[in-house]
1. Do we have ARG49 as modelled with pLDDT of 95 or more, touching a Leu at 6+ places or on another chain (Cβ under 6 Å) and either surrounded by 15 or more Cβ atoms within 10 Å (Cβ to Cβ) or in a loop (DSSP other than H, G, I, E, B) (or both) here?
2. Looking at the structure I just gave you, is VAL9 under 12 Å from the mean Cα position of the chain (by Cα), open to solvent by 30 Å² or more (accessible area, probe 1.4 Å) and in contact (Cβ under 8 Å) with a residue 12 or more places away in the chain?
3. Go through region 12-35 residue by residue and tally those that are under 16 Å from LEU141 (Cβ atoms) and over 12 Å from the mean Cα position of the chain (by Cα).
4. What pairs come up if the first residue lies in region 100-118 and is without any contact (Cβ under 8 Å) to a residue 60 or more places away in the chain, the second is near the ligand (Cβ under 10 Å from one of its atoms) and of a type in the set (Phe, Trp, Tyr), and their beta carbons are under 6 Å apart, counting only those six or more places apart or on different chains?
5. May I ask you to list pairs of residues, at least six apart or on different chains, whose Cβ atoms are under 7 Å apart, with the first in region 123-151 being under 13 Å from SER97 (Cα atoms) and open to solvent by 20 Å² or more (accessible area, probe 1.4 Å) and the second being at pLDDT 95 or above and among the hydroxyl-bearing types (Ser, Thr, Tyr)?
6. Within region 78-99, is even one residue part of a strand (DSSP E or B), within 16 Å of the ligand (Cβ to nearest atom) and crowded, with 18+ Cβ neighbours inside 10 Å?
7. Against the definition (away from the ligand (no atom under 14 Å from the Cβ), open to solvent by 70 Å² or more (accessible area, probe 1.4 Å) and at pLDDT below 95), how does THR27 come out, yes or no?
Amino acid sequence: MTERRLLLVNGPNLNLLGTREPEVYGTATLADVVQIATDAAASRGFVVRAVQSNHEGVLIDAIHAAREDCAGIVINPGGLTHTSVVLRDALAGVALSVAEVHISDVGKREEFRHFSYVADVAIVHVVGEGVAGYAKAVTLLVDALTGHAEG
Ligand code: CA2
């Protein structure tokens, strides 16, 4: 592993965090999410580069660029989780370790949220733990990258 950097990817509509649907997504903002992930990474000597976009191609370009200088990717693909073969192909194509995180418990919501195109290209899955789940995803991914044993 050459770089101690993670790419944090947040997909469509996650820029709205903290503005609507607090009963589903809580009251934290996207800026709070970036800080939570950054703090969790820093405690293990990693830095975070964060991207959020409502445009699939922007996310894919950021994932491709991560090949150059990132050790892994933490991603909440938003609704693209359930629809996007191209996002999945991008993640598989860069061959970096991936952590998938969802704020809500998608398995207990509508049927269409139960399937994830990303799930089987990710080595870490954190679902339904609110925005704290981003810290857990970062920690589990860094542990996997650095060979830290589960305990
Ligand atoms: O639970 C999650 O993190 C999701 O990835 C969030 C997506 C949803 O489509 C997935 O099924 C589960 C939606 C993100 C939209 O976030 C909003 C936040 C506040 C207000 C409106 C949308």
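The values are calculated or read from the model by the stated rules, or taken from the named source; none is laboratory data. These numbers come from a predicted model, not from an experiment. For neighbour counting, all protein chains shown are included, and Cβ atoms are generated from backbone atoms with ideal geometry for every residue, glycine included. Just the protein is used for accessible areas: all its heavy atoms, side chains included, with ligands, DNA and RNA removed. Shrake-Rupley method; radii C 1.70, N 1.55, O 1.52, S 1.80 Å.
1. Taking the combined requirement at face value, the residue satisfies it.
2. no
3. 0
4. Listed by first residue and then by second, the contacts come to VAL101/TYR134.
5. These pairs meet every condition: ILE123/SER97; ALA144/SER97; LEU145/SER97.
6. Scanning region 78-99, I find at least one residue that is part of a strand (DSSP E or B), within 16 Å of the ligand (Cβ to nearest atom) and crowded, with 18+ Cβ neighbours inside 10 Å, so the answer is yes.
7. Answer is no for this residue.
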